[in-house]
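Report on the following structure.
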Amino acid sequence: MNLYGAEHHLMVVSDSIDADEHRHSFLQVTISLKGEFDIEVAGQGLSGPGIIINSNVVHRLKEAGHPLMLLLIDSTSEMAASFRRVLEGQQVHVFPQGMMISIREFVQKEYAGVKDPGVIRKGSARSRK
């Protein structure tokens, strides 16, 4: 698992994310870097290549067995406001498969270039100064 922090969001990339039912104040964007994944949102089972979940919505992510990228975004940020426009007042938005082709290409191209001197990787306890 790789965890990256920035001013208004956290990014997690892992092939072993499995989370019990929970809610949080972050707006969450989950993207499968290959195929689809299963998730339960507000009691409804969904499957897709990518999803936006509004803040404070109960959800449970099942292990996909392949890499997922999660963005946990400060719900008060401009970035969250942009994703909320896609949600159009709904709790959840599943990305269409066609859109995921360009998103995956971008993420896979740019992922190797993500650098953060305060990064926490694979369970290390290093923190920002």
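The values are calculated or read from the model by the stated rules, or taken from the named source; none is laboratory data. Please read all numbers here as calculations on a predicted model, not as lab measurements. Neighbour counts run over all protein chains shown; Cβ positions are idealised from the backbone, glycine included. For the accessible areas, the whole protein counts, side chains as well, though only heavy atoms, and no ligand, DNA or RNA atoms are used. Shrake-Rupley method; radii C 1.70, N 1.55, O 1.52, S 1.80 Å.
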Using a 1.4 angstrom probe, figure out how much accessible area the chain has per residue, in square angstrom, rounded to the nearest whole. 58
Which log10 I(q)/I(0) values does the range 54-108 give at q = 0.14, 0.18, 0.21 Å⁻¹ under the Debye formula, counting every alpha carbon as one identical point scatterer? -0.48, -0.82, -1.10
Run the accessible area of the chain with a 1.4 Å probe and give the carbon-and-sulfur part as a rounded percent. 52
For P(r) over Cα pairs in 10 Å bins from 0, in percent, with candidates (i) 12, 44, 37, 6, 0; (ii) 11, 33, 23, 15, 12, 5, 0; (iii) 11, 25, 17, 14, 12, 9, 6, 4, 1, 0, the value calculated from the shown model is option (i)
Listed highest first by mean packing, meaning other Cβ atoms within 10 Å per residue, what order do 71-81, 48-58, 34-44 come in? 48-58, 71-81, 34-44
In whole Å and largest first, what semi-axes does the C-alpha gyration tensor of the range 5-60 yield when each eigenvalue is scaled by 5 and square-rooted? 17, 16, 10
So, in nm, how far is label Met99 from label Leu10 when the simple model puts each one 7 Å beyond its Cα toward the Cβ? 2.5
